[in-house]
1. Looking at Q144 and the list (1) touching a residue at least 40 places away in the same chain (Cβ under 8 Å); (2) surrounded by 15 or more Cβ atoms within 10 Å (Cβ to Cβ), which single condition is not satisfied?
2. Can you say whether C3 is modelled with pLDDT of 95 or more, part of a helix (DSSP H, G or I) and hydrophobic (A, V, I, L, M, F, W, C), as far as the supplied structure shows?
3. Does region 89-98 include one or more residues that are part of a loop (DSSP other than H, G, I, E, B) and in contact (Cβ under 8 Å) with a residue 40 or more places away in the chain?
4. Please work out which residue is surrounded by the most Cβ atoms within 10 Å (Cβ to Cβ), limiting yourself to region 47-88 and to residues that are aromatic (F, W, Y) and assigned to a helix (DSSP H, G or I).
5. Can you find even one residue in region 97-109 that is small (G, A, S) and within 19 Å of A166 (Cβ to Cβ)?
6. Give all pairs with beta carbons closer than 6 Å in which a residue from region 106-130 that is in contact (Cβ under 8 Å) with a residue 24 or more places away in the chain and closer than 14 Å to T96 by Cα meets a residue that is among the β-branched types (V, I, T) and outside any loop (DSSP other than H, G, I, E, B); count only pairs at least 6 apart in sequence or on separate chains.
Amino acid sequence: MSCAIVVGIAGCHDDMYNQPRYEPLERSDFFDDGRASRDLPAGTVPYQDPPTNTPLATARHNGALLQDIPIPVNRELLNRGQERFNIYCSVCHGRTGEGNGMVVERGYRRPPSYHTDRLRGLPVGHLFEVITNGYGVMPSYAKQVSVTDRWAIAAYIRALQLSQYADADSLPEPLRQTLTEAR
């Protein structure tokens, strides 16, 4: 046993902890310009900087939450929103947005249904802000979900809400006929 301790101690060297390194802005002979620090590559986004002050990134215009999604809403965006929703949101909110996801079945606190009058009446910017900043026990997803994908998820949530409360009279005639035949 004592041999193992001696071998273990002999294998530890202080030089592995105290390796030569440069401090920020310290002079260096390694690079021709004499600097140890390098400039950031073009287009680099700093890790913890706040988002730019645009409605797209903040979901606000003149301090008010956006009522409309600031990017074109089309089938591609909704499909992307559904995909991202199923990955990030459905585990708590369920696939239909009722708040009955898998983790809720395992004892996690149930989130509210997206289909309540209160959540259907809020501006779409609120959905984006909650995804970005978190709310209650929901954490922020700003680091995991890009700005465009957050808008895609918000658009998909609106589509889920409409799917539960769509007025049949607002549908095109062929779809109304399909509904009538299904009854």
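The values are calculated or read from the model by the stated rules, or taken from the named source; none is laboratory data. Owing to the predicted nature of the structure, the values given are computational and were not obtained by experimental measurement. FYI the Cβ positions are ideal-geometry reconstructions off the backbone, even for glycines, and counts take in every protein chain you see.
1. Result: Q144 fails condition (2) only.
2. no
3. yes
4. In the first step, residues of region 47-88 are kept if they are aromatic (F, W, Y); the result is 47, 85, 88.
Narrowing further to those that are assigned to a helix (DSSP H, G or I): 85, 88.
Details: F85: 24, Y88: 17.
Filtering region 47-88 for residues that are aromatic (F, W, Y) and assigned to a helix (DSSP H, G or I), the one surrounded by the most Cβ atoms within 10 Å (Cβ to Cβ) comes out as F85.
5. Kept after step one, since they are small (G, A, S), are these residues of region 97-109: 97, 99, 101, 107.
Next, only the ones that are within 19 Å of A166 (Cβ to Cβ) stay: 97.
Scanning region 97-109 turns up at least one residue that is small (G, A, S) and within 19 Å of A166 (Cβ to Cβ).
6. Qualifying pairs under 6 Å: Y114/I157.
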